[in-house]
Amino acid sequence: MSAPEDIARIIAQEKALVFPAFDEATGFAIGSAIRERALADGLPIVIDIQFWDRPLFYAALPGSTSTNANWTRRKRNVVRLLGKSSYRVALEKARPDRTFPPSEGLDSADYVLAGGGFPITVTGVGVIGVIAVSGLPERQDHEVVVAALCDHLGLDPSQYALPQASD
C-alpha cells in the first residue's frame, strides 16, 4: 500500500472509531484489553490513555522502557495539537528524522512523527483525549490501538486494519 492509500484508510478509521460516550470506565476497559492482548502476545509496550486534563490508564509491560513512556507523551501531544492519528501525521509529513519541519515551531522534545497515538472522539463533542502505545514499530503500535477500538465498539477489526505493508 502506498502512503496516500494508508492515509485514506486511517482517515476512515478516525471517522468510524467514534464513541457515543467515553468515561473513566471506558478508558480502563480499553486499556485493560490492550494490556491483556499485549501480555498474551509478549508485546513490550507502554499503554497510555488520557483525557486532555488527566490520565485514565497507564501500563508499562515487560520489555518496555522509559523511552517508550516519553514516546507516548510526544505522540499524545501530536494528537492533541492536530486532532489526528499520529501515524496519519507521520505519513502526511514523511520526514525520515521524525521531527516536524522547523517552520512549524514544534520542539522535537515534545512532538514526534510516529504512529501509535489515536484520538478518542465522541459523537457530537469531538476529540477529547488520546490512546497511545509505544514499543513496537509505529505501524504496529497504530494497529494495536485500532484493533482494541474495533473490539470495544463491536466492529470487525479486519475491515479497518491497514493492509500488510509491502517490502
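The values are calculated or read from the model by the stated rules, or taken from the named source; none is laboratory data. Predicted model, so just to flag it, every value in this text is computed and none were measured. Reconstructed Cβ throughout: ideal geometry from the backbone, glycine too, with neighbour counts over all protein chains shown.
The condition of being out of contact with any helix residue (DSSP H, G or I) (no Cβ under 8 Å at 6 or more places or on another chain) and either under 19 Å from A16 (Cα atoms) or modelled with pLDDT under 95 (or both) holds for only one of D156, D141, D167, that being D167. Looking across region 9-32 at every residue that is among the aromatic types (F, W, Y) and closer than 24 Å to R88 by Cα, the one that is surrounded by the most Cβ atoms within 10 Å (Cβ to Cβ) is identified as F22.
Of the numbered criteria (1) loosely packed, with under 13 Cβ neighbours inside 10 Å; (2) closer than 20 Å to I128 by Cα, the one N77 fails is (1).
All told, K75 meets the bar of being touching a residue at least 40 places away in the same chain (Cβ under 8 Å), basic (K, R) and closer than 20 Å to A147 by Cβ. In region 98-112, the residues that are within 24 Å of T67 (Cβ to Cβ) form Cβ pairs under 7 Å with partners that are of a type in the set (A, V, I, L, M) and part of a loop (DSSP other than H, G, I, E, B), at six or more places apart or across chains, as follows: R98/V112; R98/L113; R98/A114; T99/L113; F100/L106; F100/L113.
Assuming E92 fulfils every condition listed in (1) touching a residue at least 12 places away in the same chain (Cβ under 8 Å); (2) under 23 Å from E36 (Cβ atoms) apart from one, which condition is it? Of everything listed in (1) touching a residue at least 12 places away in the same chain (Cβ under 8 Å); (2) under 23 Å from E36 (Cβ atoms), E92 misses just condition (2).
If the requirement is being among the charged types (D, E, K, R) and surrounded by fewer than 13 Cβ atoms within 10 Å (Cβ to Cβ), which of these qualifies: D48, D53, D6? Please lay out each step first, then the result.
Working: D48 fails: surrounded by fewer than 13 Cβ atoms within 10 Å (Cβ to Cβ); D6 fails: surrounded by fewer than 13 Cβ atoms within 10 Å (Cβ to Cβ).
Of the residues listed, the single one that is among the charged types (D, E, K, R) and surrounded by fewer than 13 Cβ atoms within 10 Å (Cβ to Cβ) is D53.
Yes/no matrix, rows are residues, columns are (1) of a type in the set (V, I, T); (2) loosely packed, with under 15 Cβ neighbours inside 10 Å; (3) at pLDDT 95 or above; (4) farther than 19 Å from P157 by Cβ:
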residue: I34; (1), (2), (3), (4): yes, no, yes, no
residue: L39; (1), (2), (3), (4): no, yes, yes, no
residue: G42; (1), (2), (3), (4): no, yes, yes, yes
residue: N68; (1), (2), (3), (4): no, no, yes, yes
residue: W71; (1), (2), (3), (4): no, no, yes, yes
residue: G83; (1), (2), (3), (4): no, yes, yes, yes
residue: S86; (1), (2), (3), (4): no, no, yes, yes
residue: A94; (1), (2), (3), (4): no, yes, no, yes
residue: D97; (1), (2), (3), (4): no, yes, no, yes
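Only a single item in (1) within 22 Å of G154 (Cα to Cα); (2) more than 16 Å from the chain's Cα centre (by Cα); (3) among the charged types (D, E, K, R) is not met by R9, and it is number (2).
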